[in-house]
Amino acid sequence: MITGANKGLGLELTREALGRGHQIVAGVRNTERSHPELRALRSDYPAQLQIMNLDVDQEDVIASAAEEIHEMWDQVDAVINNAGILNGRDQVIENLNFDDVEKSMQTNLYGPMKMVKHLLPQLRRSSAPAIINVSSEAGCFTGAYGGDYPYAISKSGLIFFTAQLRKALAADNFMVYAVHPGWIRTPMGGDHAPGDPVDTAKGLLDLVERRMVPEQDGWMINHKGETMPF
């Protein structure tokens, strides 16, 4: 299950996972939009790819998607919480619009929490379940800077939620990580970013498939599996 699968890193994750033979549910905010690249993948992999309406801001939509997934496959091996927004950029604290803060929390933090809430029963049926939360070094205390308040604070919350999940699911063979994807060329990262989202997608899939095993205590990592200071 990949959220935000219609563009950027989500699209590359979907492409890479399909190439590796996985069955994928690609979640998008609105299935009525064209999403031409994702539709092309659907044509190339009709037996492997399901495109599903999944607005992570709406819990009832997530609950319905979880029911549909249960009916199709019964179990889920991995959830990659990739959907995210970056708004309120360049706003100093004196001018901060709290609508931007709330929207960021809804998508970047509450969305992954709702996803885990509703898909955990299906994940528990897997022999090697994984939850990957795409976060950011912007949410790390060691990387704090005076800007991007909505994004950074929501991603910091996502990192802490990941730590909570690791504790809660440690006895059940769950792999749970918060991953910094790097500054990559996506609609969010911009065309001048140095990183390639293809490389990040490969790293995250290696992690899900347990080909890459980070250090035991490394739960906030980059896409290469290297531990990052929180």
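The values are calculated or read from the model by the stated rules, or taken from the named source; none is laboratory data. The shown structure was predicted, so the numbers you read here are calculated from the model rather than taken from an experiment. Glycine also receives a Cβ, built like all others from the backbone with ideal geometry; neighbour counts cover every protein chain displayed. Keep in mind that these areas ignore ligands, DNA and RNA; they rest on the heavy atoms of the full protein, side chains included. Shrake-Rupley method; radii C 1.70, N 1.55, O 1.52, S 1.80 Å.
Before moving on, here are some points about what is shown:
- Phi angles of region 69-77 translate, via the Karplus equation with coefficients 6.51, -1.76, 1.60 and θ = phi - 60°, into HN-Hα couplings of 5, 4, 5, 7, 10, 6, 10, 10, 8 Hz per residue; Gly and Pro are given as x.
- Estimated from helices alone, the mean residue ellipticity of the chain at 222 nm is -12000 deg cm²/dmol (sum of -39500 (n - 2.57) over DSSP H runs with n ≥ 4, per residue).
- Protein accessible area in the chain, 1.4 Å probe - carbon and sulfur %: 49
- Residues whose placed amide H lies under 5 Å from that of residue 130, excluding near-sequence neighbours: 78, 79, 175
- The mean accessible area for residues of the chain, using a 1.4 Å probe and ignoring ligands and nucleic acids, is 49 Å² per residue.
- Relative to the current alpha-carbon distance between residue 23 and residue 64, full extension at 0.36 nm per residue lengthens the span by 12.9 nm.
- Qualifying trypsin sites (Lys or Arg not before Pro) for region 1-96 [loop in DSSP, other Cβ within 10 Å: at most 14]: 20, 33, 89
- Gain upon complete extension [residue 209, residue 124; 0.36 nm per residue less C-alpha separation]: 29.0 nm
- Projecting label points 7 angstrom from Cα along Cα→Cβ for residue 34 and residue 91 puts them 3.2 nm apart.
- Selection among 135, 213, 86 by position relative to the dipole of the chain gives 213 as farthest towards the positive end (Cβ unit charges, Cα centre).
- Per-residue ³J(HN,Hα) for region 32-41, Karplus 6.51 cos²θ - 1.76 cosθ + 1.60, θ = phi - 60°, Hz, x for Gly and Pro: 7, 6, 6, 6, x, 5, 5, 5, 5, 5
- In region 75-230, the DSSP beta bridges split such that about 5 percent are antiparallel, to the nearest 5.
- In region 1-51, the GluC sites (Glu not before Pro) that fall in loop regions by DSSP, at most 11 other Cβ within 10 Å: 32
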